Amino acid sequence: MTEPLTLPRRDALGALSPDWRRLCDARAALGTIPGPLSTTARWCSANGVEPSAVDEGVLNAVADHLTTAGTWTDRKEAYRQVRTYWNAAAKKVPGWPQAIVQAPPQPPRPQTPAVVRPTARTLEDLRQVVASSPLVADSDRPALVSAITSAARWLGRPPGELPASLRSLDPQLKALASQHAALGVSRKTVKNVKSLLRKALDLVIPRPALPAVSDPSALTPEWRALWTAWRATVPRAYGPLSFLMRHCSDVGIAPDAVDDAAAAAVADRMMACGCRKDLTVAIRHVRGYWNQAVETVPGWPSQRLTLGLADKGPVSLPLTTFPPAFQRSISDLLVVARTGYQPGVTGLRARAEARKSRAIKGDDRRKEDNGGRKRLRDASIQGLSNFVRRFASWAVHHGHRKLEDLCTVSDVVNEEVFIAWYDAYCAEHIPAGERELPRKPAKTLHNACGFLAMAAIRLPPEDAPVVADLLPLIECAREGHEIYDDMTPENQRKLAQFAAPENLRALHEIPIRVMERLESERHSRAAAGETPVTLRMALTAAAAMGVLLLNSLPVRVLTLSGTRLDNVEWPLSRRAEGAVAYEARQTKGKIAARAVLQPWKMMLLSIYRAHYRPLLGDAGSPFLFPRCGENKPMRAAAFSGLISRVVARETGLKMNPHLWRHLATKLLLDEDPRYQDTVSRLLGHHGAGRREYGRISQDQAAAALEAAVDRIRARTPGHTRRMAKATRRSS
């Protein structure tokens, strides 16, 4: 074969043989022909090599030509490019020869003599090893010793009492990261100490390496068969599951023998190798990807992993499990909650008991005496019923009451049981070394105290002594743990981002920017013959549509993730407005919510529905944001995290879906402090509007928010141009 240094251009007469011309035309129909593939066709035509005769030797000759002609300077990279584009054409181009050229085998790794490493059982032993080991550079030695000393000091124990094991120390160091202010250091300092400690532990516990999956010896035949089935089902390889396969092949664990102990060993090895920095995350990833493979990969072992799943403890007992007398007592309590009167107590007696109950609560008001107690809403009655049942179940499960001895609600709603529950709750949720409950548990405690007080003041008159003893304890429990009535300091700091109007504009333009980019990518992929929409693109589009709806109607994330297709009023014309409307049963406050959507918003929703939503769920799914593989909506927590990540990536802002409600409140009240009723109506709070003379509608509240946002965004450059562009597109 001759090898001219200069090959004719592909479109020149006679540059390609008829067979190669036919194949190149088929490849050009999918997009631009890559240079290495074009060179392969021209070189083979010049040297009389038919397409069916191409093998590893021919591709090596093409790589030699590219190197000799000066197109590539790296012979190894030239061959890799030629082989990669040839194999890609064999998979995608109709009529292309189906011979896949494999990568050349890797040379065996040189055997290195084993290094005798010291041993260390405690951090004190590790500190001595670092101070004297020749494996540590003199410049690194002081920092490693200081990191060991700092970790022991922060954990409050001598180094000789702490094990030299990252698995044991990682949860404690992770907890320290959230308490860095109390330690007088920054969060980054804690991370640096943890990184240096891991480096010191490498001296005594080296990070075990595993061969790559492409190495024929990396997997046993059983694991290799599962690997092939897995890759045929899942479009990409997930590191934790690949790591598990290689680890089990290395230590001789068969696929059917994988259990929680094997998964724990895999997580430990991932930590030791530095593949993960957080043991909890490593365990969650190993468990999650394994269980996903159990459900989706044919022939995968059916054993599911439960490692790291918290034991939720005993479940609440159903109401029918309790004695009939206790069930009747709960029914009487709910009658009082619904009507405001005790069964069989009327007139003067009822008013006297009502005054007595208010006196116990410290309320001496006499006006508006309706002869009974306050009537509760249906949602509050349901919550009260569920709480009393759960509270009684807790008392039974923990041995404070026997199930058969329960006769009345006052058997569990009393001083003794409340003190036991309060002590157990604080012991479970207050971190070590702290006195206060974190914000979420404190809010849960306040809610529980509210339900207890709600039940106590509605007990029968003969239980007045129980109420008198219990209510002061409830008040003390509430006062002992602070909660934020409005916004937490963290949320206030996040809202401070929107003092700059350009940040608000960026937040509200996320749907337009994201969908413009995704549509451009979709058309490019379709022109290249590739799958137009990937799962990543579909999830990004779903997050953008979540932002669009939150900008218009800031509902809670559970309501947002459960949005159904029929919640959106789809217009018949592209220039018409649409709306999003939720029924009362779909919202937490049991109040219907609705907002009008401008034509450009409906256009974006229609594009998402037509091209991106089908990749997330079945065609028959009724949800706007379906869950993959199930006839359910996306999980609220997962959808919330997805929206937060997309917002951070697009704008750099720290935002979560619930913060939209605080942002809407701030924008409306900054616009006009008299918008209190508008805010209440927009957020679905009870008591909104003026019952005597009228009521603010949901559409009016949403329109007020839209107008306030538009006025603020109009102060920043670029607003008019982008909105006009979106409006032209929608028409």
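Inside the stretch 284-309, residues that are of a type in the set (A, V, I, L, M), surrounded by fewer than 19 Cβ atoms within 10 Å (Cβ to Cβ) and within 18 Å of the chain's Cα centre (by Cα) make up a count of 1.
Set side by side, the residues Ser52, Ser17, Ser45 differ, and just one is surrounded by 19 or more Cβ atoms within 10 Å (Cβ to Cβ) and closer than 23 Å to Gln98 by Cβ, which is Ser45.
Based on what the data block shows, is Lys601 within 23 Å of Ser644 (Cα to Cα), surrounded by fewer than 19 Cβ atoms within 10 Å (Cβ to Cβ) and out of contact with any His (no Cβ under 9 Å at 6 or more places or on another chain)? Judged against the criteria, Lys601 is not a match.
For (1) assigned by TED's automatic domain parsing to the domain that holds Gln292; (2) closer than 22 Å to Thr534 by Cα; (3) assigned to a helix (DSSP H, G or I); (4) among the basic types (Lys, Arg), each residue gets a yes or a no:
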position: Ser606; (1), (2), (3), (4): no, yes, yes, no
position: Arg649; (1), (2), (3), (4): no, yes, yes, yes
position: His662; (1), (2), (3), (4): no, no, yes, no
position: Ser680; (1), (2), (3), (4): no, no, yes, no
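Kindly indicate the residue of the stretch 442-465 that is closer than 11 Å to Val413 by Cβ and of a type in the set (D, E, K, R) and also modelled with the lowest pLDDT among those meeting that condition. Looking at residues that are closer than 11 Å to Val413 by Cβ and of a type in the set (D, E, K, R), I get Asp463.
So, in the stretch 661-688, of the ones that are of a type outside the set (Asp, Glu) and farther than 17 Å from Ala595 by Cβ, which residue ends up modelled with the highest pLDDT? Among those that are of a type outside the set (Asp, Glu) and farther than 17 Å from Ala595 by Cβ, it is His662. Inside the stretch 135-166, can you point out the residues that are under 16 Å from Lys199 (Cβ atoms) and not in a helix (DSSP H, G or I)? Matches in the stretch 135-166: Leu135, Val136, Ala137, Asp138, Ser139, Asp140, Ala164, Ser165.
Considering the stretch 487-520 alone, what residues qualify as being surrounded by 13 or more Cβ atoms within 10 Å (Cβ to Cβ) and farther than 23 Å from Leu653 by Cβ? If the condition is that a residue be surrounded by 13 or more Cβ atoms within 10 Å (Cβ to Cβ) and farther than 23 Å from Leu653 by Cβ, then Glu519 is the only one that fits.
Residue-wise test of (1) touching a residue at least 24 places away in the same chain (Cβ under 8 Å); (2) hydroxyl-bearing (Ser, Thr, Tyr); (3) assigned to a helix (DSSP H, G or I).
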| position | (1), (2), (3) |
| --- | --- |
| His523 | no, no, yes |
| Val533 | yes, no, no |
| Ala544 | yes, no, yes |
| Leu572 | no, no, no |
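Here is the figure for the stretch 617-627: residues that are over 24 Å from Ile510 (Cα atoms) and touching a residue at least 24 places away in the same chain (Cβ under 8 Å) total 1. Among residues of the stretch 149-191 being modelled with pLDDT under 75 and basic (Lys, Arg), the one that is nearest to the chain's Cα centre (by Cα) is Lys174.
Answer with yes or no whether Leu667 is assigned to a helix (DSSP H, G or I), under 23 Å from Ile512 (Cα atoms) and in contact (Cβ under 8 Å) with a residue 24 or more places away in the chain. Judged against the criteria, Leu667 is a match.
Each residue in the stretch 561-582 was checked for being surrounded by 22 or more Cβ atoms within 10 Å (Cβ to Cβ) and out of contact with any Phe, Trp or Tyr (no Cβ under 7 Å at 6 or more places or on another chain), and 2 pass. When the stretch 641-652 is filtered for residues that are in contact (Cβ under 8 Å) with a residue 60 or more places away in the chain and surrounded by fewer than 18 Cβ atoms within 10 Å (Cβ to Cβ), only Arg645 remains. Across the stretch 386-414, the qualifying residues are those that are in a helix (DSSP H, G or I), within 40 Å of the chain's Cα centre (by Cα) and of a type outside the set (A, V, I, L, M), and the one among them that is nearest to Ser329 (Cα to Cα) is Arg389.
The values are calculated or read from the model by the stated rules, or taken from the named source; none is laboratory data. These figures come from a predicted structure and were not determined experimentally. Virtual Cβ from ideal backbone geometry, glycine too; neighbours counted across all protein chains shown.
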